[in-house]
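The structure under discussion appears below in the form of C-alpha cells.
Read the figures in this text as sums done on the coordinates, not as results from a lab. All values derive from a computational prediction rather than experimental measurement. Here the Cβ positions follow ideal geometry from the backbone for every residue, glycine too, while neighbour counts run over all protein chains shown.
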Amino acid sequence: MTSDADNTLSKAAEAVTLHKAYEPALAGGHYRLALQQSVQFIHKGSPEAYHYYHDQPFIVQGPRFFLAEEDVHASFPPNGAVGEFESILPYVVFRKRSLPWDRSIWFENVPRPCPWLALLILSRQEYEEAGGDQSLSEIKLQELIQADQNGAHAASPELAITSDENADDDALIRVFEMPADMFMAVAPRPTEIPLLAHVRMVGHDRKADLGMHAEGAFSIITSNRTPSPGSNIGLLVSLEGWESLLQRKRTIEVGRIQIVVLHLWHFENDRRRDFSFSRLAADLNVGTFGAGMPGTETPTEGGETGPPLDEWSKAMIRAGFVPMDYARQDSSPTVAWYRGPLTPGGTSVLPHDCFNSSDAALMIESETGMAILSYAAAWEMGRLLALSAPSYVDAVRRFIQEGAGRADGVDPAATAQRLERFWQTYRDALRAAGEQPEQKAAYDPLLLAKIEDGSGFWRIDAVIGITRWLAELLLLDRVPFHYLVIIENLLPKESIRFFEIDNNWLVALGSGALSLSGAGADPSADSLQTNLSRVVERYLDWRDARTSTSIPKSTFLEEIKTGFVLRSALVSGWPGLEIEITTTDNKVKKPLKIERIGEGVLFCIVLGDIQSVSLLQPPEGIVQWAPEQMKYRTDQVRHGVLDIEAYAGQHGDQGRFDSSSLASKMMASGASQTIRWTRDDGL
C-alpha cells in the first residue's frame, strides 16, 4: 500500500463558490398574514358580495442566546488540536447558511447586512487574566439584562427583550465576564465585522450525509486575530447589545462586561508540531482490515495478548477472526471464533442462505470443532434490530399475512420475493397511467393509494418503507460498531483499514430481520440472496432517483463490495471530509455508503474492488491564512490583532471589497492524499 501527496490546489478547493452573505427570506420579527376572499354574484337581478377575512400573526425567530449542537459544523483549529497555527486565522463553520445574518445589528456607515456574531481568540494568559473558568458561567436571561443594575460588577448588553421572549425563562445562557478594555482590544471594529463572515457553496456528493437543509451551503465566521504561542481559547460571541460600546459611544464604568458565548473551544499553538490535513493524511497507518493482527499471540476483546497459537489459529486470525469467550447450550465455557462483515479477503458462498434461527446459522470449524459465531450473530442482530423497529415489523407482517392469506406468513426468501413482485406491479401501474416511474416525484395520490399486487392492496409508501429499512440494514445501517470492529486492535488510532464485505454475513443479517414475517415455506421462491439483492437494487434506484424500468440484476449480494474504515483526527477535525474512490477497472465510483459512525471514525462501502482512495480536504474546511500584506493594528495592546480595515481600504476597488473578496485572498490551497490498496498486503 502506498500514499501519494498532492498539495497543489485540490479538486475540493476548485469546487467552492464564495458569497459575501446570505440573508434569510424573512428577518427575525413579528409578522401578520392577512387573507381576504371576495365572492360576487347576481341574486334576483341585483349584485351581491360576500367578503371573508382571516388574520394570522406569526413570529420569525433566529437563534439569539443559544446555538444547537448541530448548528456548528466545525471549528479550526479543531478542539484540542496541537500544531503550528501562528499565521492562520481561526474560524467557525455553520451548517446553516444564513446563521450569521439571522439577526440584525446596525452601525453607522457600515453596510448591511452586518453579522451579529464575532469570534474572539484569547491566549491562556488573557483568559486567566479575565478570571478563567470562574468568569464563565450560566445565568438566566433576567440576570443578564440586569447585570449592571443594583451595583453589579459587570455591565450587561443593551438588549431589547421582545414580548415573545420570557425574561423569567429558566433556560440558562452561557456568558463570559471579561474586562471591557480587553474586549475592545481584541474585538473587530464595526467596519471589519461584515468582512469576517461569508458563505461557501460546495459540492456534497463526496461527503457523508450532514443532514443540512441546504446541502453544501456553509457560513463561516473568521477571527480577526492570529493565535498566540501556547494555549488559546476560541469564543464565538454575540455582538447584540454592544453596538454603542464598539462605536465608543458607551462607557463601562464598572470596567467589566458580560458577553453571551455561543461556542467555545481550546487549541494549542506549538510551532514544533504539524497539525495539518496533508500531514495527518500522509502519516496514516495504512493496512488491510484484520490482516495486521499479531500472528503468534491471541488477541482478546480487551486488546491484550494470550498464549502462543497453533498454525491453524494463526491462519484464522490472519483471516480476520477473533477468539471470544462462548457458552455452550449446556452453559459450559469455551472459546469460539467471530468475524464481522468486514474481512481481509473474499469468502465462499454458503450452500444454504436462509436460516430459521441463529442456531441454524452457527458454523463449526472442521479442523478443531470450534464454533464460528459470525453468521449466527448476524442473524440474531438482524432479528433484534427488526424487533426494535415496531413500525417495520408491523408493516412486514401485514404485508405478508394479508397478501399470502395465511396466518403463519411465509419465510424470508418469499417475503423478499413478494416485495419484488409488488415493485414490478407498481411500475406497470405507473406506465399504464402514462407516468415515468421516478420514485422521488410527487405521484397522483389516487394512483398511489392502492395498487393490486395479485392478492392485496397496499400503499406504495408503506412498501418503500419496508424496502428502505431492509436495504439500509444490508448496507450496515444500525449495526452496532462493535459488531463491525470487535476489538480496538483491528482499527488503531490514525489508521485506515481496507476490507471486503462478507456477503454471507449480510444475507444472514437479512434473514434474521425477515424471520419475523413468518415460517411458512414457499417452494416457488428464489433464493434469499437473490431476493435480498433485488431489495437493495430497488432501494438504490429509489434513493438515487433513477428512472430505469429494467428488471434488477439480482446480483448485489454476489458482487464484490469493498470499503474502508478511517479512524483519524481528519474525521473529527474536518467533518465534511471528501472521498473519491477509484476501483480496479479504473472507474471513479460513487460510494454505496459513506457515514461517520463514531467520533473520529468514517465508514465507506463501494460496489467493486477498490484500487485507490483520495482523501480531499473539504472546501468549507480549507485553512485561512493572514495575507502577508495584512498588518497588525497599530493601536493594539494585544498580540496578533490584524488591521482588517486598513487591508480592505488598500485592496478595495471603489468600495467593492467585501467578505468574499477577503476570503478568496485568505484561503489556502486545499490538500489531498491518494492511498492505494494492495489487497494481498499482510495476508
Mean-position separation - Cα centroids, region 336-375 and region 608-624, in angstrom = 35
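Too long at a 19 Å Cα-Cα cut-off: which of 20/665; 561/587; 561/590; 561/593; 207/553; 207/590?
Values: 20/665 13 Å; 561/587 14 Å; 561/590 12 Å; 561/593 11 Å; 207/553 27 Å; 207/590 10 Å.
Flagged as over cut-off: 207/553.
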task = Starting from the Cα of residue 128, step 7 Å along the direction of its Cβ; do the same at residue 272; then give the gap between the two resulting points in nm.
result = 1.9
query = Using a Förster distance of 41 Å, how high is the FRET efficiency between residue 359 and residue 79, based on the Cβ-Cβ distance and rounded to 0.05?
reply = 0.30
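Give the calculated FRET efficiency between residue 639 and residue 248 to the nearest 0.05, with a Förster radius of 22 Å applied to their Cβ-Cβ distance. If you can, show how the numbers build up before the last one.
Numbers: r = 22 Å, r/R0 = 1.01.
Efficiency, from the Cβ-Cβ distance: 0.50.
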note = In nm, the gap between the two label points placed 7 Å beyond Cα toward Cβ at residue 488 and residue 384 is 2.2
task = May I have the extent of the alpha carbons of region 311-350 along their three principal axes, as whole Å values ordered from largest to smallest?
result = 34, 25, 15
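What is the packing order of peptides 355-366, 601-612, taking the mean over residues of other C-beta atoms within 10 Å and listing the highest first?
My ranking of the peptides, most packed first, is 601-612, 355-366.
According to the Cα gyration tensor, what semi-axes, each the square root of 5 times an eigenvalue, does the equivalent ellipsoid of region 69-272 have, listed from largest to smallest in whole Å? List each step's numbers first, then the result.
Working: eigenvalues 149, 95, 58 Å².
Result for region 69-272: semi-axes of 27, 22, 17 Å.
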Additional length obtainable on full extension of the chain from residue 172 to residue 158, 0.36 nm per residue less Cα span = 3.2 nm
task = Please give, to one decimal in nm, the separation of the simple spin-label points placed at residue 650 and residue 559, each 7 Å out from Cα toward the Cβ.
result = 5.7
inquiry  = Ranking request for peptides 40-49, 257-266, 320-329: highest mean number of other beta-carbon atoms within 10 Å first, then the rest in descending order.
reply    = 257-266, 320-329, 40-49
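Taking the Cβ of residue 21 as the center, what net charge do the other residues with Cβ under 10 Å away carry, scoring Lys and Arg +1 and Asp and Glu -1?
Numbers: positive: 20, 97, 112; negative: 23, 658.
That works out to +1.
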Using θ = phi - 60° and Karplus 6.51 cos²θ - 1.76 cosθ + 1.60, couplings along region 644-651 (whole Hz; Gly, Pro as x) = 5, 4, 5, 4, 5, x, 6, 9
query = When Rg is the radius of gyration of the Cα atoms in region 59-107 and Rh is its Kirkwood radius, what does Rg/Rh come to?
reply = 1.07
note = In order over region 360-371: 3J(HN,Hα) from phi, Karplus 6.51/-1.76/1.60, θ = phi - 60°, whole Hz, x for each Gly or Pro, gives 5, 8, 6, 9, 10, 6, 5, 6, 10, x, 6, 6
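Mind ranking 204-214, 478-488 by how tightly packed they are, going by the mean number of other C-beta atoms within 10 angstrom, highest first?
Numbers: 204-214: 15.3, 478-488: 16.9.
Result, highest mean Cβ count within 10 Å first: 478-488, 204-214.
So what is the diffusion coefficient of region 35-138 in µm² per second by Stokes-Einstein at 37 °C and 0.692 mPa s, using a Kirkwood Rh over Cα pairs?
Details: Rh = 19.6 Å.
Answer from the Stokes-Einstein relation: 167 µm²/s.
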query = For region 619-628, in order, what is each residue's ³J(HN,Hα) by Karplus, 6.51 cos²θ - 1.76 cosθ + 1.60 with θ = phi - 60°, in whole Hz (x at glycine and Pro)?
reply = x, 6, x, 6, 4, 10, 9, 6, x, 4
message = So if each residue of separation counts as 0.36 nm, and I subtract the Cα-Cα distance between residue 421 and residue 39, what length gain in nm does that give?
response = 132.4 nm
